[in-house]
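The values are calculated or read from the model by the stated rules, or taken from the named source; none is laboratory data. Computed from a predicted structure; not experimentally measured. Cβ: placed from backbone, ideal geometry, glycine included. Neighbour counts: every protein chain shown. Surface accessibility is based on the protein's heavy atoms, side chains included, excluding ligands, DNA and RNA. Shrake-Rupley method; radii C 1.70, N 1.55, O 1.52, S 1.80 Å.
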Amino acid sequence: MSQTTKRALAQSLKHLMEQKPLEKITVVDISEDCGVNRQTFYYHFQDIYDLIEWIYINEAEKRLGEKTTYDTWQDGFLQILSYILNNRTFVKNTYHSVSREYLEHFLFRQMYRLLLGVIEEKAEGMAVRDTDKQFIANFYKYAFVGLICEWIEDGMKENPQAMTDRLSLLVHGTITGALERFRTDKRH
């Protein structure tokens, strides 16, 4: 029942965000739209921003799933873009509000998870320090999230598949090259 109520509150927030900016939405608005009382909202969430974070974690994070290997990272990236596109109003409203940090935090976490999975797989059998693998993942994470944020800012016009294909061409071989350069067993 708890997850059902949380999903209903999430749908109410999304519904309201189609009509007005996030800053003009109150807990009372969400509760009334959902048909529950304010206490029910506060039983599940501390505030509206807590609900936003829950939405990103529970809806979008599931789309990435286990697509964190070299052969599947493009599918994971495409799933994130597809989620954003399918929830365009919610994402744009979040992006253009004070709660933008929740969207960015979510994107950074997802891209790091996706990339670290690829890096760990490609580093198999290589002597590369964990801190160096994390450094590489962070570098690419910022590039990927920067592209996504620019795509959102530009109105999500580029086709997600085309964007994923272009990114795949750009990074092809670069992660393996970076790992080779960070190998501790081949440094001079």
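For the chain, the per residue solvent-accessible surface stands at 53 Å², with DNA, RNA and ligands left out and a 1.4 Å probe.
Given the Cα-Cα distance of Val98 and Arg181 and 0.36 nm per residue of separation, how much length would full extension add, in nm?
25.9 nm
Among the GluC sites (Glu not before Pro) within region 99-177, those in coil by DSSP and having at most 16 neighbouring Cβ atoms inside 10 Å are Glu124, Glu158.
Quick one: pull the percent of accessible area on region 124-173 belonging to carbon and sulfur, 1.4 Å probe, ligands and nucleic acids left out. That fraction is 55 percent. Once the Cα-Cα distance is subtracted from the 0.36 nm per residue extended length, the His172 to Phe139 segment shows a gain of 10.4 nm. Rolling a 1.4 Å probe over the protein heavy atoms leaves Lys24 with an accessible area of roughly 130 Å². The heavy atoms of Lys62 offer some 140 square angstrom of accessible surface to a 1.4 angstrom probe.
Ignoring everything except DSSP H segments at least 4 long, calculate the 222 nm mean residue ellipticity for the chain; use -39,500 (n - 2.57) per segment, divide by total residues, nearest 500. Helix-only estimate at 222 nm: -22000 deg cm²/dmol. Using only the alpha-carbon atoms, how far is helix 73-86 inclined from the longest principal axis of the chain? Give it as 0 to 90 degrees, nearest 10. The angle comes out near 20 degrees. Structure remark: mean-square fluctuation, Gaussian network model of the chain, C-alpha springs under 10 Å; the largest value among Ala162, Ala123, Ala137 belongs to Ala162. Remark: for residue pairs Lys133/Lys186; Lys24/Lys92; Lys6/Lys157, the C-alpha separation exceeds 27 Å in Lys6/Lys157. Heavy-atom accessible area with a 1.4 Å probe sorts Leu115, Leu147, largest first, into Leu147, Leu115.
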